[in-house]
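FYI, it's all coordinate maths here, none of it is from the lab. Every value quoted in this text rests on a predicted model; they were computed, and no experiment measured them. FYI the Cβ positions are ideal-geometry reconstructions off the backbone, even for glycines, and counts take in every protein chain you see.
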Amino acid sequence: MRRGAQIVLDCLRAEGVDLAFGYPGGAIMPLYDALEGSGIRHVLTRHEQGAVFAAEGYARATGKVGVAIATSGPGATNLVTGIADAKMDSVPLVCITGQVRSPLIGTDAFQETDVFGMTLSLTKWNRLVRSTEEIPRVIAEAFHWARSGRPGPVMIDIPVDMMKASVEFTGSVHFTPRAPACGSGRVGSESTFATTLIALLQQAKKPVALVGAGAKLSGAVEDLQQTLDLLNIPAFATVHGLGAVRQDSPYYLGMVGMHGTRAANMALDETDLLLVFGARLDDRVTGEPTRFAPHAKIVHFEIDPMQLDRARACELPVIGNLAETIPAFFQESQRAHLPDFSAWRAVASGAERAEPRKAGLAHPTKSFLEQLFARMPENGTVLADVGQHQMWAAQCFRASSPRGFITSGGLGAMGFALPAAVGVQLGRPNTTVLCVSGDGGFQMNIQELATVHRLELPIKMVIIDNKFLGMVRQWQELFFARNYAETDLSDNPDFVEIAKAYKISASLLKEEEFLDPAASANVARRLDRFLRSNQPELLVFECHPEANVYPMVPSGASLSEMVFEE
């Protein structure tokens, strides 16, 4: 006989879980009571949102399923932002919440919320447990859906009385779905789609490849690299695709989209054949959807059929796991006669496609991040929060580590990076983890400095402090006549002193000091010490309040209509 709470933990261990993040409360207390001796390490964060973002960071860094635990009511509602983030960015996540006693459900009992209804549209699958006996099957099914097809979040809500009840437990169960998981099928045979695609390539004059997160999530990075080497066509990545293509590849043009490179955006605007490898083609990538790749036929490699035809119809959908469909295409391509696209590649990557720059002017914040990133080990991980610093970091990222750049992309959740860095560092303990935040976003989960200190995690934290909600201010400057309504953060606290209050070493680097040639050697030493420290460190970089991120594609514009610094 086992109590429901013990069965939950037994089933988590059977799924390979040895680490979970959470915050206790009344309705989840039986689960916490059973933790000792369960084989699962629990990390106490200082807020449930910190727990779910940490679980996300762990999942994004390792490819394993992240687990977050919270109580009913406010505990569950505080998970919602992280669940939505995981849904948008295809992160495998299992969230477990306690619920009020089953006889009280529907009576507006203390800390009762309809977790099932609340998360229905934000999860791949969710379930309110109806009996202690069904716990093993529910957990098995939850992990199946979190991992299968396009990964994503699931939610299990368990009434407290069912965690207290004892039933006979014979062991965890294996869940087998009645129908194939979403996206596990394929349109046509491997040879059929490959033959069609090869014919399209033979007819094309300006083909390009767009790489998204799907290439990494599927484990198809090496296969994709082989394929791109063979095709030798211009290639670029979404913000989640960064690291999937070798930075030194002669055909790689950088990041594409709203703040992408001019070369990538112009090539995408001019192409006559677009190969999409695991990208959703959302508006930050496409610009105005009706003007996206206007001359191109689209071939879309995608595991989730629901992601097809979002911007406009694709001529050839290739539905399935990219770890299967890309090798199938590569095998056929090796036997085919493909055109030489080197002339088109030279045009696409030519010097005239470079971003126009003011003569002799370097962007101080980008220069700072470039120097910092250049000191990172090849297997290091950069996490970016959301805002201007996020785009500067993405533009400066140069490593070829598939899981080396992590950010909240689809949802754009400020406050993501610091708690996510906790999960990344625990998932990859021997990796240098660099967390880059803005002064606005850092304060949204600043309490997780306590988690960093308690666990003695050697996370390196950078705050780009412009004393504004920078990205909103930039749009206000460009499109709202400089009406900086409610974006002024000039009364920010002293972040260095706050970090020290959490017993974390911290220092300040001002833009003018960074730009002073006489101080360059000292700055270099400081950056080296910062990254090499075996303790958590915080570095605040104060930059100009009105620094902007360029290039930029304005809302409603096509990718060819980028705005540059005047």
Quickly work out the residue 199-to-residue 477 label distance, labels modelled 7 Å from Cα along the C-beta direction, and quote it in nm with one decimal.
5.2
Simple spin-label model, 7 Å along Cα-to-Cβ: residue 338 to residue 516 in nm?
5.3
Show that you can apply the helix-only estimate: for the chain, add -39,500 (n - 2.57) for every DSSP H stretch of four or more residues, divide by all residues, and state [θ] at 222 nm to the nearest 500.
-10000 deg cm²/dmol
Quick one: length gained pulling residue 109 to residue 121 fully straight, 0.36 nm per residue minus the C-alpha distance?
1.9 nm
Taking every pair of distinct Cα atoms and averaging 1/r, then inverting, what Kirkwood hydrodynamic radius in Å comes out for region 160-306?
17.3
Give me the dipole magnitude in Debye, nearest 20, for the chain about the Cα centre, with unit charges on the beta carbon: positive for Lys and Arg, negative for Asp and Glu.
960
Counting only other residues whose beta carbon sits under 12 Å from that of residue 246, what net charge do I get with K and R as +1, D and E as -1?
-3
Neighbour-count order for 108, 465, fewest beta carbons within 10 angstrom listed first:
108, 465
Expected sort for 261-268, 100-107 on mean C-beta neighbours within 10 Å, highest first, is 261-268, 100-107
Rounded to whole Hz and in sequence order, give me ³J(HN,Hα) for region 408-423 from the Karplus expression 6.51 cos²θ - 1.76 cosθ + 1.60, θ = phi - 60°, writing x for Gly and Pro.
7, x, x, 7, x, 8, 4, x, 6, 5, 4, x, 4, 4, 4, x
Using the Karplus equation 6.51 cos²θ - 1.76 cosθ + 1.60 (θ = phi - 60°), what ³J(HN,Hα) coupling, rounded to whole Hz, does each residue of region 29-41 give in order, writing x for Gly and Pro?
4, x, 5, 5, 5, 8, 5, 4, x, 7, x, 10, 7
With +1 assigned to the C-beta of every Lys and Arg and -1 to the C-beta of every Asp and Glu, and no other charges, what is the dipole magnitude of region 450-566 about the Cα centre in debye, to the nearest 20?
680
Report the rotationally averaged projected area of region 252-401 based on its alpha-carbon convex hull, in square nanometres.
11.2
Listed residues 308, 408, 318: farthest to the positive end of the dipole of the chain (Cβ charges)
318
Rounded to the nearest 0.05, what FRET efficiency do residue 529 and residue 454 give with R0 = 25 Å and r taken as the Cβ-Cβ distance? Could you check?
0.60
Coordinate range along principal axes, alpha carbons of region 22-172, Å, largest first:
38, 35, 28
Counting only other residues whose beta carbon sits under 15 Å from that of residue 488, what net charge do I get with K and R as +1, D and E as -1?
-3
Sequence neighbours fewer than 8 away in the same chain don't count; with that in mind, list the lysines whose C-alpha is under 25 Å from residue 500.
460, 467, 510
Considering amide H positions built from the backbone, and no H for Pro or chain starts, which residues 5 or more places from residue 66, or on another chain, come under 5 Å of its amide H?
59, 93, 94
Using the Karplus curve 6.51 cos²θ - 1.76 cosθ + 1.60 with θ = phi - 60°, what ³J(HN,Hα) values do you get for each residue of region 488-501, in whole Hz, with x for Gly and Pro?
7, 10, 5, 9, 3, x, 7, 5, 5, 5, 4, 4, 5, 5
Could you give the distance between the Cα centres of region 475-528 and region 90-159, to the whole Å?
42
Please sort 158-171, 67-80 by packing, taking for each peptide the average over its residues of neighbouring beta carbons within 10 angstrom, highest first.
67-80, 158-171
Using a basic spin-label model with each label point 7 Å from the Cα along Cα→Cβ, how many nm lie between residue 497 and residue 134?
5.6
Restricting to bridges with both residues inside the chain, how much of the DSSP beta-bridge set is antiparallel, in percent to the nearest 5?
5
Work out, step by step, the length gained on full extension between residue 290 and residue 309: first 0.36 nm times the residue separation, then minus their alpha carbon distance; give nm to one decimal.
5.7 nm
Hey, for a label at residue 167 modelled as a point 7 Å past Cα toward Cβ, could you say which residues of region 119-137 have their backbone N under 13 Å away?
129-137
Given all pairs of different Cα atoms, what value in angstroms does the Kirkwood hydrodynamic radius of region 364-542 take?
16.5
Cubic angstrom per residue, convex hull over Cα atoms of region 202-260
88
Percent of Cα-Cα pairs more than 16 Å apart in region 1-54, please.
42
Equivalent ellipsoid, the chain (semi-axes from 5 times Cα gyration tensor eigenvalues, Å):
39, 33, 20
Please state the relative contact order of the chain as a whole percent: Cα pairs under 8 Å, 6+ residues apart?
14
Would you mind checking which residues have amide H under 5 Å from residue 318's amide H? H placed 1.01 Å from N; only 5 or more apart, or other chain.
300, 301, 302
Of the options 140, 212, 128, report the single residue whose Cα projects farthest towards the positive end of the charge dipole of the chain (beta-carbon charges: Lys, Arg +1; Asp, Glu -1).
140
Residues of type aspartates and glutamates that residue 366 reaches as a straight line, Cα spacing below 12 Å, ignoring anything fewer than 8 places off in the same chain:
511
Rule-of-thumb Rg ratio for region 304-377 [Cα; 2.2 N^0.38 Å; N residues]
1.80
Leading residue at positive end of dipole, the chain (Cβ point charges), from 74, 470, 170:
170
Grab the other residues whose beta carbon is less than 11 angstrom from that of residue 68, score K and R as +1, D and E as -1, and report the net.
-2
